[in-house]
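Below: the structure, in structure tokens.
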Amino acid sequence: MKPEAFLPPVLMEYDQEKPWQEWLDGAVLFADVSGFTPMSEALSVLEAEGGEVLTDVLNRYFAAMIGIVHANGGQVMKFGGDAI
């Protein structure tokens, strides 16, 4: 797989030989799942099924958040656990 597949498009638009030599205007959104730890602990008693439920919740959350970011002209730069 090409490295570009793992990088936000904004990074690929600029000269890779001279990184960060231009100022960019932008805004940053950090969104974290409130109550993630208690939710994951509660679902852990369901063993494998709990893990599947947790994965489904996170996948739906990330899909919705990515859709909102893209619909507003943004780009997702990074994920971190339950945060985007």
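The values are calculated or read from the model by the stated rules, or taken from the named source; none is laboratory data. In this text the structure is predicted, and so the values were computed from the model without any measurement. Ideal geometry is used to build each Cβ from the backbone, glycine not excepted, and the neighbour counts take in all protein chains shown. Just the protein is used for accessible areas: all its heavy atoms, side chains included, with ligands, DNA and RNA removed. Shrake-Rupley method; radii C 1.70, N 1.55, O 1.52, S 1.80 Å.
All other residues whose Cβ lies under 13 angstrom from that of G35 are scored, Lys and Arg at +1 and Asp and Glu at -1, for a net of -3.
Put a plus charge on the Cβ of each Lys and Arg, a minus charge on the Cβ of each Asp and Glu, and nothing anywhere else: the dipole of the chain about its Cα centre is then about 140 debye. Longest stretch of the chain clear of exposed loop sites (GluC sites (Glu not before Pro), DSSP loop, at most 11 other Cβ atoms within 10 Å, sites excluded): 48-84.
Highest mobility in the GNM of the chain, judged by mean-square fluctuation with C-alpha springs under 10 Å and restricted to V33, V45, V69, is found for V45. Structure remark: mean-square fluctuation, Gaussian network model of the chain, C-alpha springs under 10 Å; the largest value among G74, G51, G26 belongs to G26. Angle of helix 48-71 to the longest C-alpha principal axis of the chain, folded into 0 to 90 degrees and rounded to 10: 30°. In the complete set of protein chains, residue-level accessible area for M65 is approximately 40 Å², probe 1.4 angstrom.
The stretch between D56 and A71 holds 3.2 nm of extra length on full extension. This uses 0.36 nm per residue minus the Cα-Cα distance. Going 7 Å from the Cα of S34 toward and past its Cβ, which residues in region 53-84 have a backbone nitrogen under 16 Å from where you end up? Backbone N within reach: 83-84. Charge tally around I66: other residues with Cβ under 13 Å, Lys/Arg +1 each, Asp/Glu -1 each, net +2.
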